[in-house]
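Below: one structure, written as structure tokens.
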Amino acid sequence: MEIVAHSRPALVAYQDLLRLHLDERAAGFTGSIEERTRNGRTYLYERFRLGTEMQSRYLGEDTPELRARLEKAQALKAQGDQRRARMTRLARTLRAEGFVTTDRETGSMLLAFSRVGVFRLGGTLVGTTAYSLYQGELGVRMDYEELAQTGDIDLASFERLSVALEDKVEENPGDILATLKFEAVPGIADRQVWRWRQSHSEAMVEFLTPAFGEECVRPLPALGVSAQALNYLNFLIADPIPAVALYRSGVLVQIPRPERFAIHKLIVADRRRGGPDHLKSRKDRAQAAFLIAVLAEDRPDELAEAYQDALSRGPRWRTRMAASLKRLPETEARLSELL
């Protein structure tokens with residue numbers, strides 16, 4: 001399998017663009033920091049006055065990087081015009097370097113979701129839309145077959161996190177989707193809405209959440225939507241990372257860690273095997289094979305850790321991964337070498 005890397009200047013430009021977008025988000029901080037602890041993790045909130053009432057706004061999980069940005073929020077705000085001009089130049093550079101751009105419809109949707117807080121409040125892009133963004137994270141070129149999309153956009157979040165945050169998006173995603181000509185598709189049994197279909201195409205937007213048992217529809221209060229619960233999804237979206245989708249001057253989103261995405265694809269490829277989604281199963285295996293080939297060279301320790309994690313979760317996990325790897329002998333050899 002041939003892997004073609006982006007140039008060093010392109011990789012530096014992407015990393016700089018991501019840093020500037022994170023600075024742009026922190027520049028909006030105006031209040032005081034409030035800490036809240038949930039299940040052993042600390043989350044930071046902005047506490048500010050709105051009229052006569054005090055309000056709280058979720059900022060993110062407590063990390064040294066986030067605190068450093070918040071401490072220099074005033075300086076970041078003063079640099080706003082200069083920063084946004086540089087973001088435009090960097091986005092132009094990445095297009096010239098051959099980075100795959102996000103199409104207008106997907107880009108406008110991601111931008112709207114980002115502006116109202118979907119990604120800030122735990123929403124994570126999954127599926128091929130997320131896969132395409134590893135071109136910046138891993139610094140590799142991807143061809144058309146690897147990025148072939150149906151137009152579907154999948155977003156996932158933990159239900160327990162959504163409840164615990166005690167914050168909510170500034171505008172309901174359903175209302176945003178309605179302006180983009182998407183229509184709600186109620187469930188057959190309970191009429192709950194977790195997916196939308198675009199009226200002039202077959203594009204779908206679906207909201208997902210990890211299942212811990214029954215795969216049913218669950219609420220995501222922070223995002224203002226319901227979501228279809230799926231097994232194995234908890235592994236995929238644990239500890240997600242920020243990324244930039246190349247639309248306009250870039251859109252700050254959140255995606256799974258690439259090593260978790262790769263291993264998860266081995267699992268879902270077997271779940272889809274033999275059914276109506278067999279073509280998706282083939283694409284799942286191709287994406288897993290490509291990412292594992294890249295990570296085995298560049299991030300072997302992180303890949304090995306994710307693979308060991310999945311192997312430790314029980315016989316059903318091991319059986320599904322083994323079934324996919326049986327069809328990918330080179331990938332199986334790479335993972336075996338790591339262990």
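The values are calculated or read from the model by the stated rules, or taken from the named source; none is laboratory data. Note that the coordinates shown come from a computational prediction; the quantities given were computed from them, not determined experimentally. Cβ: placed from backbone, ideal geometry, glycine included. Neighbour counts: every protein chain shown. Heavy atoms of the whole protein, side chains included, go into the accessibility calculation; ligands, DNA and RNA do not. Shrake-Rupley method; radii C 1.70, N 1.55, O 1.52, S 1.80 Å.
Considering (1) touching a Lys or Arg at 6+ places or on another chain (Cβ under 6 Å); (2) in a helix (DSSP H, G or I), the lone condition that residue 90 does not fulfil carries the number (1).
Could you say whether any residue in the range 35-43 is under 21 Å from the mean Cα position of the chain (by Cα), within 20 Å of residue 111 (Cβ to Cβ) and touching a residue at least 60 places away in the same chain (Cβ under 8 Å)? Scanning the range 35-43, I find no residue that is under 21 Å from the mean Cα position of the chain (by Cα), within 20 Å of residue 111 (Cβ to Cβ) and touching a residue at least 60 places away in the same chain (Cβ under 8 Å), so the answer is no. Listed by first and then second residue, the pairs with beta-carbon distance under 6 Å, at least 6 apart or on different chains, first residue in the range 313-332 and surrounded by fewer than 18 Cβ atoms within 10 Å (Cβ to Cβ), second at pLDDT 95 or above and in a helix (DSSP H, G or I), are 318/311.
Restricting attention to the range 217-240, the residues that are at pLDDT below 90 and loosely packed, with under 15 Cβ neighbours inside 10 Å total 0. Pairing residues of the range 252-274 that are under 11 Å from residue 307 (Cβ atoms) and open to solvent by 10 Å² or more (accessible area, probe 1.4 Å) with residues that are among the acidic types (Asp, Glu) and modelled with pLDDT of 95 or more, at Cβ distances under 8 Å and at least 6 apart in sequence or on separate chains, gives 259/302; 259/305. Take the range 33-56 and flag every residue that is out of contact with any helix residue (DSSP H, G or I) (no Cβ under 9 Å at 6 or more places or on another chain), open to solvent by less than 70 Å² (accessible area, probe 1.4 Å) and more than 21 Å from residue 159 (Cβ to Cβ). If the condition is that a residue be out of contact with any helix residue (DSSP H, G or I) (no Cβ under 9 Å at 6 or more places or on another chain), open to solvent by less than 70 Å² (accessible area, probe 1.4 Å) and more than 21 Å from residue 159 (Cβ to Cβ), then 34, 48, 51, 55 are the ones that fit. Meeting the requirement of 3 or more residues that are within 22 Å of the chain's Cα centre (by Cα) and at pLDDT 95 or above, the helices (runs of 4 or more DSSP H) wholly within the range 266-339 are 278-298, 300-311. Criterion applied to 112, 78, 91 was being without any contact (Cβ under 8 Å) to a residue 40 or more places away in the chain and of a type in the set (A, V, I, L, M, F, W, C), and the one residue passing it is 78.
The set of residues in the range 13-44 that are at pLDDT 90 or above and aromatic (Phe, Trp, Tyr) contains only 14. Which condition from (1) modelled with pLDDT of 90 or more; (2) surrounded by fewer than 21 Cβ atoms within 10 Å (Cβ to Cβ); (3) of a type outside the set (Gly, Ala, Ser) is the one that residue 129 breaks? Status for residue 129: all satisfied but (2). Residues in the range 19-32 that are closer than 30 Å to residue 88 by Cβ and either of a type outside the set (A, V, I, L, M) or surrounded by fewer than 19 Cβ atoms within 10 Å (Cβ to Cβ) (or both): 19, 21, 22, 23, 24, 25, 28, 29, 30, 31. In the range 58-70, the residue that is farthest from residue 26 (Cα to Cα) out of those that are more than 21 Å from the chain's Cα centre (by Cα) and surrounded by 11 or more Cβ atoms within 10 Å (Cβ to Cβ) is 67.
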